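Report on one structure; see the data block that follows.
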């Protein structure tokens, strides 16, 4: 399993078995597939977590004690997303975006986003999960989301926030069902396509931002009008692809007996992806309502 959301990950996928599903069977010890993943139990695999307790019989690889379970992933993800929700709600009510303090609220929101990005990058380049870093990221990300959501709801589109939340939940459920039913094939080619598309998407957004800072307005128009709608849809589709990659990470961790601490990395990646999808929905709804 990789260390975070695919945008920031430094690890590659552990296996390329075609159609992926949560019910994948663990490879038999001693088979070539058993040494293919980062958590394989083959004692000759280059797996830092492998346990070779049955010396003298390399074909016998017992199950790891303290291995990650799906309950671990669900609970850590709930904690991380709960932290985002709580700080977002607090910032919504404590930092109201009104004419009297709009600059202060925006300043705190942007500052929180930058701090969250720093914590995310630190975690992404760490070899092990740090629950403190992940929860700090979630807390500051929640502050940013609270401010930006309040601004959109107040000045652009009342009701956009619940619509964006429902849209995010719908994408999550749809991708989960598609992955579970093996309608999505997550392999190296899929990963390469998603990574290339994500890099291109973010590069275009950076160029648009630079033009906006230099010339004012919306730069090249990637975030308003028809182009804004198109790129909003593309952003949501990319987020759905990231979810498929996150599910693959979780599956690999469960299949190969990743240590329980890796559940925090799964929660980190899922949270980053859901935040991405929510922001794209929020922006898309604002554009669509603004064009009415």
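None of the figures in this text is laboratory data; all of them are computed from the coordinates on show. Treat the numbers as computed from the prediction; the structure is a model and nothing was measured. Cβ coordinates were reconstructed from backbone atoms using ideal geometry, including for glycine residues, and neighbour counts include every protein chain displayed.
Here is how the numbers come out for the structure above:
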{"item": "Protection proxy ranking of 188-194, 268-274, 80-86 - average other beta-carbon atoms within 10 Å, highest first", "result": "268-274, 80-86, 188-194"}
{"item": "Mean separation of Cα contacts under 8 Å, 6 or more apart, over the residue count of the stretch 162-263: relative contact order %", "result": "30 percent"}
{"item": "Quarter of the Cα convex hull surface for the stretch 115-212, i.e. its orientation-mean projected area (nm²)", "result": "9.0 nm²"}
{"item": "Two-decimal Rg/Rh across the stretch 156-276, once Rg and the Kirkwood Rh are taken from alpha-carbon atoms", "result": "1.04"}
{"item": "Listed peptides 96-107, 248-259, 225-236 by packing density, highest first (mean Cβ within 10 Å)", "result": "248-259, 225-236, 96-107"}
{"item": "Highest average packing first - 120-127, 149-156, Cβ atoms within 10 Å", "result": "149-156, 120-127"}
{"item": "Contour minus Cα-Cα distance for residue 156 and residue 183 (0.36 nm per residue)", "result": "6.0 nm"}
{"item": "Spatial separation of Cα centroids for the stretch 98-157 and the stretch 171-207, in angstrom", "result": "24 Å"}
{"item": "Translational diffusion coefficient (Stokes-Einstein; Kirkwood radius from C-alpha pairs) of the stretch 66-290 at 20 °C, 1.002 mPa s, in µm²/s", "result": "116 µm²/s"}
{"item": "Relative contact order of the stretch 66-290, defined on C-alpha pairs under 8 angstrom at six or more residues apart (%)", "result": "33 percent"}
